[in-house]
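Bear in mind these aren't lab numbers, they're just calculated from the coordinates by the rules spelled out. Just so it is clear, the structure is predicted and the values come from calculations on it, not from any experiment. FYI the Cβ positions are ideal-geometry reconstructions off the backbone, even for glycines, and counts take in every protein chain you see.
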Amino acid sequence: MKSKIINISLLLAALAVFIYAFFIYDNKKPIRNLPIFGEKSYESVNGKTDTVYHTIQDFSFTNQDGKIITQKDVEGCVYVTDFFFTTCHSICPIMSTQMERVAEKFNGNPEVKILSHTVDPEIDTVAQLKAYSIKHNADAKQWMFLTGEKKALYEMARTSYLLNADQGNGGPDDFIHTQNFALIDKDKRIRGFYDGTDTTDIRQLLKDIDLLLAEYHYKEGK
């Protein structure tokens, strides 16, 4: 009788472990989800309230190969973005070197892109950006150096990526010089800000990209 009770107990314990492993514990679920930045609003549809988050506006710029780059080129991707200029001798070289770490870690991963925008489009022509991209071993399919109209570039920095709080209209006397990077998800939402000159912050960025990818893979059942 005692042996039968022990066998039943062991069977129940094994069943509990099985249920926990397959129905409760999910080792593919990310350990945490990244926050979503920017202003949000609330929309009521059929009695249900949905949160509407700040998203990146549509854009059209030219990369280092002379190709027009739009939102479609980062569709289905998470990406890191920053603003720099090639003739900068202070923070920009550090930022670009740190961005190389992102490019190296996710080299060959089609889900991760980098968009680096110039803040000095008069100097940073396509040819200038091409030379700069070669200097930083950038693959144009992954890491795109972008130029375009100054007003449009500055509007993206301020109102879409929220990387600069200073007022300005992209005119001749307007200038943006920020060391910050932003991490954007597949739904065009901002998921993190990082100091592009700080090694610790970039280490966190690399971890957060992995977390963000895990979040999407979990939702997609991968």
Handout entry: All aspartates and glutamates inside 17 Å of Lys135 as judged from Cα atoms, apart from same-chain residues fewer than 8 positions distant
Key = Asp65, Glu100, Glu104, Asp124
Handout entry: Nitroxide proxy distance, nm - points 7 Å out along Cα→Cβ at Ala127 and Lys72
Key = 3.0 nm
Practice task
Could you pull out which residues in the range 175-192 have an amide N less than 20 Å from a spot 7 Å beyond the Cα of Ile91, following the Cα-Cβ vector?
Solution key: 175-184, 190-192
Practice task
Please work through the chain and write down the cysteines that have no neighbouring cysteine Cβ at a distance under 4.7 Å.
Solution key: Cys77
Completion exercise
Calc'd 3J(HN,Hα), the range 131-143, phi into Karplus 6.51 cos²θ - 1.76 cosθ + 1.60 (θ = phi - 60°), Hz, glycine/Pro = x, comes to 4, 5, 5, 5, 4, 9, 6, 8, 8, 4, 6, 10, 10
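With charges set only on the Cβ (+1 for Lys and Arg, -1 for Asp and Glu), what does the dipole of the range 48-96 come to about its Cα centre, in debye to the nearest 20? Show your work: numbers first, answer last.
Working: 3 positive and 6 negative charges, 7 e Å.
It works out to roughly 40 debye.
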Fill in the blank from the handout: Once amide hydrogens are built 1.01 Å from N within the peptide plane, the residues lying 5 or more places from His117 or on another chain with amide H under 5 Å from its amide H are Asp82, Phe83, Phe84, Leu146
Practice task
Would you mind checking the pairs Lys113/Lys207; Lys72/Lys219; Lys40/Lys188; Lys130/Lys186; Lys72/Lys207; Lys40/Lys113 and listing those with alpha carbons more than 23 angstrom apart?
Solution key: Lys130/Lys186; Lys72/Lys207; Lys40/Lys113
Problem - Nearest-ten-degree value, helix 91-105 long axis tilted from longest Cα axis of the chain - result: 40 degrees
Exercise for the section: Name the residues whose placed amide hydrogens come within less than 5 Å of the amide hydrogen of Gly196, ignoring near sequence neighbours (fewer than 5 apart) on the same chain. Expected result: Asn180, Phe181
Fill in the blank from the handout: Once Ser44 and Thr159 are pulled to full extension, the length gained, defined as 0.36 nm per residue separation minus their Cα-Cα distance, is 38.9 nm
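Cα convex hull of the chain: mean projected area in nm², to one decimal? Don't jump to the answer; show the numbers that get you there.
On the way: hull surface 71.5 nm².
Across all orientations, the chain yields a mean hull projection of 17.9 nm².
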Problem - Computed [θ] at 222 nm, deg cm²/dmol, the chain (DSSP H ≥ 4; -39,500 (n - 2.57); rounded to nearest 500) - result: -10500 deg cm²/dmol
Problem - Whole-Hz couplings from phi, Karplus 6.51/-1.76/1.60, listed for the range 46-57; x for Gly and Pro - result: 6, x, 10, 9, 10, 8, 10, 9, 4, 10, 6, 6
